[in-house]
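**Q** After the structure tokens below, expect a handful of questions from me.
The values are calculated or read from the model by the stated rules, or taken from the named source; none is laboratory data. Remember, predicted model here, so these are calculated numbers, not experimental data. Glycine also receives a Cβ, built like all others from the backbone with ideal geometry; neighbour counts cover every protein chain displayed. With ligands, DNA and RNA removed, areas are computed over all heavy atoms of the protein, side chains included. Shrake-Rupley method; radii C 1.70, N 1.55, O 1.52, S 1.80 Å.
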Amino acid sequence: MMTYEEMYHAYQKLEAADQIRNLVSNYCFEHNCALQMRYYRNWSKREDIRHEMPWGNTTGHRNLEYNNPWHDVVRHPDDAENMKGGAMFIHSTTTPVIEVADDLKTARAVFLSPGFEGIAAKKMGTWANSKYAYEFLFEDGEWKVWKCRIFPVFRNDYFDDFGAVAEEDMTKKKRVGMEDFHDFFRYGPDVIMPRNEPDPPRPYDTWEPGWNFGTD
Amino acid sequence: MNMQDNNAYDKPAEGAAPGERFNHIENPKRTQEEMSLEFERLTAAKICENLAGSFSYLFSANRMQEVSDLFAHTDTDRITMPYGVYKGADAADRCFLRDMVDIDDPDPARHEELKGRMIIPDMCTPIVEVAGDGKTAKGLWNSPGLEAHSKDGAGQGWWNWSKFAMDFILTEQGWKIWHFSRYLYFSTEYLKSWAKSPKHIFAPARLTIDEPAPEQYYYTPDAVYPDEEPAIPAPYDTWTE
């Protein structure tokens with residue numbers, strides 16, 4: 001039988017897992033309507049926040065915003081104009097594995113994301129499937145994103161077989177604030193699925209480096 | 001107020017709607033023992049959902065030894081795949097390590113089989129019910145999954161949608177998958193309608209199944225969707241076959 005202290009600890013871990021799930025779902029719905037600025041507020045205040053995307057990795061708040069310009073309709077009105085022409089970003093999250101550290105200071109989570117997008121400039125629809133790995137911090141009474149890495153699976157035109165079309169190389173366009181790239185999986189008939197894209201989290205007591213993020 | 005007024009456990013679990021037993025509590029007070037069990041059950045539901053999710057990521061990555069480690073390995077383990085049924089303590093080892101291929105398999109010929117194999121079974125729409133006694137649990141997921149395989153030297157994408165039903169059991173090593181069943185809706189090449197594709201099942205070349213798969217629903221224009229295949233988990237007090 002649990003003591004009252006153990007029950008309260010269990011309650012805090014369960015509540016944290018629910019809040020983290022909601023935080024990630026919130027990103028999905030805000031991304032739908034390009035409220036990327038609001039998304040930034042879901043991040044920790046720390047300057048070691050890490051955003052690892054298919055087109056490049058960034059550290060810190062300034063670089064995070066520079067590296068995601070086209071969703072920022074406030075600072076980039078040209079892109080805002082473009083948003084009117086059929087842009088749509090739907091990145092659902094499924095298959096959660098959420099582990100809250102026993103010390104309640106950090107959490108880890110992975111999700112699958114069967115997504116689809118409307119590409120405004122091309123007037124076309126695409127599938128955009130990926131996987132997410134997150135680390136979170138409990139900061140000022142709220143759970144905040146600390147690190148996020150996206151593992152693309154495929155991004156193909158609706159009428160193209162995702163098994164036959166190579167994943168787009170998104171690393172060619174240099175953007176302000178990008179620091180480095182990570183190699184990511186591209187499906188091919190001779191390719192073996194990578195071991196750790198992503199590695200599902202296991203129960204842990206307190207944060208240590210080395211899980212899913214190249215900078216640790 | 002007398003704890004006898006606490007009606008949470010007075011109503012029979014079988015046949016109750018989800019949450020019904022706990023949504024109409026005349027006396028919200030609990031003994032420490034009752035509260036402890038409720039926290040254990042809530043925690044167990046989260047652990048079981050993580051087990052199902054972990055299965056998906058590890059299976060995708062061909063980390064089959066770790067997939068097998070998610071299972072209870074009891075004499076009553078059962079794994080029902082669309083191509084056959086595995087039973088017993090070595091069911092998971094035979095299904096995932098012997099008939100499929102682990103990413104660390106030392107045999108180069110077997111390792112070669114992993115090329116071009118991409119299987120991503122999403123886990124959506126979870127229903128997880130932990131027994132009132134906190135010793136077992138039942139879960140059910142929809143899985144809008146996708147696969148890609150090598151075909152004549154090229155990649156071929158597939159839609160592979162199914163349901164996953166899992167029973168879980170609390171062991172000395174924690175919660176483990178006990179019974180595992182996959183029910184296919186359809187499996188069709190990316191550019192073909194599932195309504196116009198013949199029945200298709202991906203099965204390993206090596207099979208050490210104990211018995212053939214039971215007859216199951218698979219979409220065809222004439223197939224009638226079955227009631228409760230599998231049974232939708234409902235609140236229950238203790239495991240019964």
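**Q** State the Cα centre-to-centre distance between the range B:171-241 and the range A:146-165 in whole Å.
**A** Computed from Cα coordinates, the inter-centre distance equals 27 Å.
**Q** Using θ = phi - 60° and the Karplus curve 6.51 cos²θ - 1.76 cosθ + 1.60, what whole-Hz ³J(HN,Hα) does each residue of the range A:197-209 get, with Gly and Pro shown as x?
**A** Residue by residue, the range A:197-209 yields 10, x, 8, x, x, 10, x, 8, 8, 8, 5, 9, x Hz.
**Q** Note down the accessible area of A:Phe181, probe 1.4 Å, to the nearest 10 Å².
**A** For A:Phe181, solvent-accessible area is about 100 Å².
**Q** Given Cα pairs under 8 Å that are at least 6 residues apart, what percent is the relative contact order of the range B:28-196?
**A** That works out to 21 percent.
**Q** Long-range amide H contacts for A:Phe89: which residues qualify at under 5 Å (H placed 1.01 Å from N, peptide plane, sequence gap of 5 or more or a different chain)?
**A** A:Gly118
**Q** With every protein chain left in place, what is the accessible area of A:Glu5 in Å² (1.4 Å probe, nearest 10)?
**A** 140
**Q** Further, regarding this structure: I'd like the mean, over residues of B:41-51, of how many other protein chain beta carbons sit within 10 Å of each residue's own Cβ.
**A** Partner Cβ neighbours, averaged per residue: 4.
**Q** Right, something else. Kindly write out, for the range A:138-145 in residue order, the coupling ³J(HN,Hα) from the Karplus curve 6.51 cos²θ - 1.76 cosθ + 1.60 (θ = phi - 60°), rounded to whole Hz, with x marking Gly and Pro.
**A** Running phi through 6.51 cos²θ - 1.76 cosθ + 1.60 with θ = phi - 60° gives 8, 9, 6, x, 9, 7, 10, 6 Hz.
**Q** Quick one: which residues, 5 or more positions from B:Leu207 or on another chain, have an amide H under 5 Å from its amide H? H modelled 1.01 Å from N in the peptide plane, none for Pro or chain starts.
**A** none
**Q** Taking the inverse of the average 1/r across all pairs of different Cα atoms in the range B:28-196, what Kirkwood radius in Å do you get?
**A** Computed over Cα pairs of the range B:28-196, the Kirkwood hydrodynamic radius comes out at 17.3 Å.
**Q** Run the count for chain B, please: Lys pairs, Cα-Cα under 16 angstrom, 8 or more apart or on different chains.
**A** Count of close lysine pairs: 9.
**Q** Relative to the longest principal axis of the C-alpha atoms of chain B, give the angle of the C-alpha long axis of helix B:32-60, reported between 0 and 90° and rounded to the nearest 10°.
**A** 10
**Q** While we're on this one: Could you point to the residue in B:Ile119, B:Val130, B:Ala165 farthest towards the positive end of chain B's charge dipole, with +1 and -1 charges on the Cβ of Lys/Arg and Asp/Glu respectively?
**A** The residue sitting most towards the positive pole is B:Ile119.
**Q** Looking at the range B:28-196, send over the antiparallel percent of its DSSP beta bridges, to the nearest 5.
**A** 90
**Q** Moving to a separate point now. Please list, in chain and number order, the residues 5+ apart from B:Gly84 or on another chain whose amide H is under 5 Å from its amide H, with Hs placed from the backbone.
**A** So B:Gly84 has HN proximity to B:Ala213.
**Q** If you take each beta carbon of peptide A:3-14 and count the beta carbons of other chains within 10 angstrom, what is the mean?
**A** 3
**Q** What size of dipole, in debye to the nearest 20, comes out for the range B:28-196 about its Cα centre when the only charges are +1 on Lys and Arg C-beta atoms and -1 on Asp and Glu C-beta atoms?
**A** Once rounded to the nearest 20, the dipole reads 640 debye.
**Q** Setting aside same-chain residues fewer than 8 positions from A:Lys123, which aspartates and glutamates have a Cα under 12 Å from its Cα?
**A** The reachable aspartates and glutamates, counting only those whose Cα sits under 12 Å from A:Lys123, are A:Asp157.
**Q** Which value, in Å² rounded to 10, gives the accessible area of A:Thr3 with a 1.4 Å probe and all protein chains present?
**A** 60
**Q** Can you give the mean number of other chain Cβ atoms that lie within 10 Å of the Cβ atoms in peptide B:55-67?
**A** Mean shielding by partner chains, rounded to a whole number: 4.
**Q** Here is a further query. Karplus couplings for the range A:104-115 from phi (6.51 cos²θ - 1.76 cosθ + 1.60, θ = phi - 60°), rounded to Hz, Gly and Pro as x?
**A** Result, ordered by residue: 6, 9, 9, 8, 10, 7, 10, 9, 8, 9, x, x Hz.
**Q** Among B:Asn62, B:Leu146, B:Leu191, pick out the residue whose Cα is farthest towards the positive end of the charge dipole of chain B, where Lys and Arg carry +1 and Asp and Glu carry -1 on C-beta, about the Cα centre.
**A** It is B:Leu191, whose Cα lies furthest towards the positive end.
**Q** Heavy atoms only, 1.4 Å probe, whole protein assembly: order A:Glu30, B:Glu241 by accessible area, highest first.
**A** B:Glu241, A:Glu30
**Q** Once you have the Kirkwood Rh of the range B:118-241 from its Cα pairs, apply Stokes-Einstein at 20 °C and 1.002 mPa s and quote D in µm²/s.
**A** Rounded to a whole number, D works out at 129 µm²/s.
**Q** Here's a follow-up. Compute the accessible area per residue over the range B:28-196, keeping the other protein chains in place, probe 1.4 Å, unit Å².
**A** Computed with neighbouring chains in place, this is 38 Å² per residue.
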